[in-house]
1. Could you say which residue among S111, S54, S91 is among the small types (G, A, S), more than 18 Å from A10 (Cα to Cα) and in contact (Cβ under 8 Å) with a residue 60 or more places away in the chain?
2. Can you tell me which residue among N104, N22 is within 14 Å of the ligand (Cβ to nearest atom) and either outside the structural domain of G131 (by TED's automatic domain parsing) or in contact with a helix residue (DSSP H, G or I) (Cβ under 7 Å, 6 or more places away or on another chain) (or both)?
3. Give the residues of the range 107-125 that are aromatic (F, W, Y) and more than 16 Å from the ligand (Cβ to nearest atom), sorted by residue number.
4. State whether one or more residues within the range 305-328 are within 16 Å of the ligand (Cβ to nearest atom) and farther than 30 Å from I148 by Cβ.
5. List the residue pairs whose Cβ atoms are under 6 Å apart, where the first residue sits in the range 203-226 and is aromatic (F, W, Y) and within 16 Å of the ligand (Cβ to nearest atom), the second is modelled with pLDDT of 95 or more and outside any loop (DSSP other than H, G, I, E, B), and the two are 6 or more positions apart or on different chains.
6. In the range 145-155, is there at least one residue being at pLDDT 95 or above, more than 14 Å from the ligand (Cβ to nearest atom) and either assigned by TED's automatic domain parsing to the domain that holds V228 or within 25 Å of L310 (Cβ to Cβ) (or both)?
7. Of the residues in the range 312-333, how many are in contact with a Leu (Cβ under 8 Å, 6 or more places away or on another chain), aliphatic (A, V, I, L, M) and more than 13 Å from L121 (Cα to Cα)?
Amino acid sequence: MATTHAYISAVGHYVPEKVLSNADLEKMVNTSDEWIRSRTGISERHILDNGATSDLAAGALKAALANRGMDASELDIIIVATVTPDMFFPSTACLVQQKTGAKNAFCFDLSAACSGFVYALVVGAQFIDGGRYKKIAVIGSDKMSSIIDYTERNTCILFGDAGAAVILEPTGEEGVGIIDHRLYSDGSGSKFLNMTGGGSLNPPSHETVDKKMHYIFQDGKAVFKVAVIGMADVSYEIMQRNNLTGNDVDWLVPHQANLRIIDACAERMELDKSKVMINIDRFGNTTAATIPLCISEWWQKGKIKKGQNLVLASFGAGYTWGAVLVKWGIEAPKEIKS
Ligand code: COA
């Protein structure tokens, strides 16, 4: 099995200040704090009032660059994973370049919904592996509030806004970095989780607006069933093919869509709950940002140690899903944030 020498050399995140709590949602739709917490694990989420996905992404990238002590002009590539681009074109990544001054980077977006970060991380690692590029920003960023119908209780309770970034560089250290990955797609899942308005199939019109086709649609029950199986199976697969048991995995970094899905995944991996990164309670589902947001928070708190094994696992629209095995390669920060 091929191992790459790309490693995560820095992390950073940006979360808007405004909080939308379950109590706030109780005043907007027919729901309750108890229902939301027991069914999803979410207590609150953050909302960006002014600005767009590129602002979340640029904030996250600036934080990552500061943590690395790197100037934006050193970056070779910026990849932004998102389903809420500022606009169809130009890419959000180009806007992030402009906002951060990364004038030497070439930039593109990647669309894989909630698996966007995991896909983008693998793509970024291949550029390093190929030997031509040395400094790559991989960002997961979504302003989900821009595609949510806040009169629809099935979906509006689930999502929040955030951006989080990692920087990939080559490492000389054997066995450190992005060790292995397994990615899957199944386009037959597209009817269960989508946003059908605004694209070439249904260009924007009064009708698409009236029919609420510019909002996210999810058949929660249908997605739940396959997400539980998909995320648990791929996490188990990545452990098996790297001869790891639950004891060898230090952290599961799961996509934060639903606490019950995360619990099922940890159970399948025979992992103690103390080894699972969970922040869905504070941020909800921030789509492409969930996984790097967890990593960034845990690193800032000094909880990830050099040499530890992380399994990143995701499931999202498409369907898309996958897992990445990472051997952590950087020291804890000098200043620990509680
Ligand atoms: N507050 C109160 N009741 C609600 C509600 C809310 N916010 N949303 C739905 N309900 C009701 C439903 O109308 C339904 O009522 P009914 O039985 O009278 O029809 C009942 O609660 C149960 O709804 P259901 O959809 O079966 O709930 P659930 O336990 O499946 O939870 C999700 C819903 C969305 C939380 C869950 O299905 C889920 O997490 N799905 C997968 C999400 C995911 O992984 N997405 C992929 C990545 S984005």
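The values are calculated or read from the model by the stated rules, or taken from the named source; none is laboratory data. This is a predicted model, so every value here is computed, not measured. For neighbour counting, all protein chains shown are included, and Cβ atoms are generated from backbone atoms with ideal geometry for every residue, glycine included.
1. Working: S111 fails: in contact (Cβ under 8 Å) with a residue 60 or more places away in the chain; S91 fails: in contact (Cβ under 8 Å) with a residue 60 or more places away in the chain.
The conditions single out S54.
2. Details: N104 fails: within 14 Å of the ligand (Cβ to nearest atom).
Step by step, each of N104, N22 is checked, and only N22 is within 14 Å of the ligand (Cβ to nearest atom) and either outside the structural domain of G131 (by TED's automatic domain parsing) or in contact with a helix residue (DSSP H, G or I) (Cβ under 7 Å, 6 or more places away or on another chain) (or both).
3. From the range 107-125, those aromatic (F, W, Y) are 108, 117, 119; that's our starting set.
Scanning the range 107-125 gives a single hit, F108.
4. Of the residues in the range 305-328, the ones within 16 Å of the ligand (Cβ to nearest atom) are 312-323.
Remaining after also requiring farther than 30 Å from I148 by Cβ: none.
The answer is no; no qualifying residue exists.
5. Y215/I147; F217/N194
6. Checked against the condition, which is being at pLDDT 95 or above, more than 14 Å from the ligand (Cβ to nearest atom) and either assigned by TED's automatic domain parsing to the domain that holds V228 or within 25 Å of L310 (Cβ to Cβ) (or both), the range 145-155 yields no hits at all.
7. Of the residues in that region, 1 qualify.
So that you can scan it fast, the table gives a plain yes or no per residue for (1) surrounded by fewer than 17 Cβ atoms within 10 Å (Cβ to Cβ); (2) not β-branched (V, I, T):
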position	(1), (2)
K18	yes, yes
L25	no, yes
R37	yes, yes
I42	no, no
R45	no, yes
S54	no, yes
